[in-house]
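Working notes for the structure below.
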Amino acid sequence: GEDVEQSLFLSVREGDSSVINCTYTDSSSTYLYWYKQEPGAGLQLLTYIFSNMDMKQDQRLTVLLNKKDKHLSLRIADTQTGDSAIYFCAAPNQAGTALIFGKGTTLSVSS
Amino acid sequence: EAGVTQSPTHLIKTRGQQATLRCSPISGHTSVYWYQQALGLGLQFLLWYDEGEERNRGNFPPRFSGRQFPNYSSELNVNALELEDSALYLCASSLQQGARENIQYFGAGTRLSVL
């Protein structure tokens, strides 16, 4: 079935780079998404990438897409304590009727 | 421009009662999606409405239902509440129908607690 998987935890020091990885099963996905959820809050759209792109950069965020391996990654440069949150990878299901989310990666940034 | 707004922020009910959650999409968006975020289960798709019609539903029992109004706002109703319905319910809206090419923007959610 359709699935999105990501590692559950990542711990980094302030100033380091963070890399969060995600794999997905549905190869017909057109857009792939990264959302951020801070404690007690809803989901904030961080960035997205169209499936015909390999890379997208937006300030401190870099998204890499390997379509052959169905692998998506989010790199956060110069990670700050304010980046501590849960990061969700999401892809449309095959019918395009809903988003399928990974279980979320909890990023912990220590100073 | 206002984002997706949800009300109430918190809702406390007892088993067997009914809960009604509300969502107003971003102006101009016609599609509304509902997701459940329960502890340990991640984000699960519940319902999708577009142009007033239910277009798709996830793997949830019929006591989860909803509707979309002519102004594109939406209600999620949960009947005969069970303890495991306790979760954060998130609403999202998108510009056009379909999740494949249309970015979903989320509200802050309604936290439903069933006692």
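Quick look at the numbers
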read-out: Residue A:85 long-range amide H proximity, modeled H, under 5 Å; value: A:107
read-out: Cα gyration tensor shape for chain B, rounded if a/c is under 1.5, else prolate or oblate; value: prolate
read-out: Chain B: most fluctuating residue of B:51, B:75, B:84 per GNM, C-alpha cutoff 10 Å; value: B:84
read-out: Residue-averaged beta-carbon neighbours from other chains (10 angstrom radius) around A:41-48; value: 5
read-out: Cα gyration tensor, the protein assembly as shown - rounded (a/c under 1.5), prolate or oblate; value: prolate
read-out: Between the range A:1-62 and the range B:11-59, the alpha-carbon center distance in angstrom; value: 23
read-out: Averaged over A:91-97, number of beta-carbon atoms from partner chains that fall within 10 Å; value: 5
read-out: B/A buried area, accessible surface, summed, 1.4 Å probe, Å²; value: 1800
read-out: B:90, B:11, ranked by accessible area, largest first (probe 1.4 Å); value: B:11, B:90
read-out: Heavy-atom accessible area order for B:10, B:29, largest first, 1.4 Å probe; value: B:10, B:29
read-out: Relative contact order (percent, whole number), chain B, Cα cutoff 8 Å, 6+ residue spacing; value: 36
read-out: Formal net charge of residues neighbouring residue B:75 (Cβ-Cβ distance under 10 Å; K, R +1; D, E -1); value: +2
read-out: Probe 1.4 Å - accessible area at residue A:54, Å² to nearest ten; value: 110
read-out: Backbone HN-Hα couplings from phi across the range B:54-66 [Karplus 6.51/-1.76/1.60, Hz, Gly and Pro as x]; value: 6, 9, 6, 9, x, 7, 10, x, x, 6, 8, 9, x
read-out: Around residue A:13: net Lys/Arg minus Asp/Glu count, Cβ-Cβ under 13 Å; value: -4
read-out: Interface residues in the range B:27-76 - accessible area drops by 30 Å² or more relative to the isolated chain, probe 1.4 Å; value: B:35, B:37, B:43, B:56
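The values are calculated or read from the model by the stated rules, or taken from the named source; none is laboratory data. What you see is a predicted model, and the numbers here were worked out from it, not measured in a lab. With ideal geometry, Cβ positions are generated from the backbone for all residues, glycine too; neighbour counts draw on all protein chains shown. Calculation scope for accessible area: heavy atoms of the full protein, side chains included, ligands and nucleic acids excluded. Shrake-Rupley method; radii C 1.70, N 1.55, O 1.52, S 1.80 Å.
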